[in-house]
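Down below is the structure, laid out as structure tokens.
The values are calculated or read from the model by the stated rules, or taken from the named source; none is laboratory data. Bear in mind the structure is a predicted one, so any value in this text is a computation, not a measurement. Virtual Cβ from ideal backbone geometry, glycine too; neighbours counted across all protein chains shown. To get the accessible areas, we keep the full protein, side chains included, count just its heavy atoms, and leave off ligands, DNA and RNA. Shrake-Rupley method; radii C 1.70, N 1.55, O 1.52, S 1.80 Å.
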Amino acid sequence: MHGLPPSCGDGALSPSDVPSGTRGRLLLLLFVAFVVVALDRFTKELVLVVLEPGRFVPLLGDGVGWQLVFNPGAAFGIDLPPVVFPVVTVVLVVVVVRALAEESNALAVAAQGLVLGGAVGNVIDRLTRPGDGSAIGGSVVDFVAWGSFPRFNIADASITVGVVGYILTTLLIERQERRADITTV
């Protein structure tokens with residue numbers, strides 16, 4: 001009736017009412033995000049035990065290595081009010097979940113999972129680590145050192161790779177759709 005799924009008792013949707021494609025996309029998104037958060041948490045806890053804050057440990061010469069730093073700001077050390085980070089993460093979650101229903105490409109969904117997992121990983125730091133004294137003002141643990149580039153972590157790398165991957169996937173899909181439109185004309 002009116003294109004709506006039948007109700008189940010109290011008006012809730014049963015799992016069988018959810019299209020399998022949407023369920024699959026949601027599971028992929030959550031799996032990728034979970035793996036990113038787990039790897040991010042594990043590596044941060046590991047470097048807190050193994051590395052001495054501020055001391056550079058070379059991996060590939062003097063330019064690439066490990067250096068534990070605590071970042072109270074945003075990416076690249078940009079200073080923003082602490083409330084910005086959880087608000088941006090909540091907005092990101094809402095945008096990604098709403099876009100998921102429209103997304104049909106598994107690579108794009110995986111890229112969204114990378115971004116989502118990275119954002120959640122860094123917010124967990126802000127909520128659980130000391131910082132400016134506020135409940136959401138904690139610092140993020142960064143430890144990957146690459147020359148003079150600001151230090152970063154698994155969550156930061158996941159966000160970057162996810163955004164680039166999503167853009168490239170979207171551009172590729174659009175290009176393929178344009179080619180299909182040209183050949184059908």
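Are any of the residues in the stretch 9-17 in a loop (DSSP other than H, G, I, E, B), modelled with pLDDT under 75 and buried (at least 17 other Cβ atoms within 10 Å of the Cβ)? No.
Counting only residues that are at pLDDT 75 or above and part of a loop (DSSP other than H, G, I, E, B), how many does the stretch 105-134 have? Going through the stretch 105-134 one residue at a time, the tally reaches 2. The residues listed here are Val47, Val90; of these, the one that is in a helix (DSSP H, G or I), over 30 Å from Gly24 (Cα atoms) and of a type outside the set (D, E, K, R) is Val47. Taken over the stretch 139-185, residues that are in a helix (DSSP H, G or I) and open to solvent by 100 Å² or more (accessible area, probe 1.4 Å) amount to 9.
The single condition among (1) modelled with pLDDT of 85 or more; (2) under 27 Å from Glu174 (Cβ atoms) that Ala101 does not meet is (1).
In the stretch 163-178, the residues that are among the small types (Gly, Ala, Ser) reach residues that are open to solvent by 80 Å² or more (accessible area, probe 1.4 Å) with C-beta atoms within less than 9 angstrom, at least six apart or across chains, in these pairs: Gly165/Leu107. Search the stretch 18-45 for residues being exposed (fewer than 12 other Cβ atoms within 10 Å of the Cβ) and at pLDDT 95 or above, and hand back the single one that is nearest to Gly162 (Cα to Cα). My answer is Phe42.
For the stretch 141-150, the criterion of a residue being among the β-branched types (Val, Ile, Thr) and farther than 30 Å from Ser104 by Cα is satisfied by at least one position.
Of all residues in the stretch 88-122, those being buried (at least 17 other Cβ atoms within 10 Å of the Cβ) and either among the acidic types (Asp, Glu) or touching an Asp or Glu at 6+ places or on another chain (Cβ under 6 Å) (or both) number 3.
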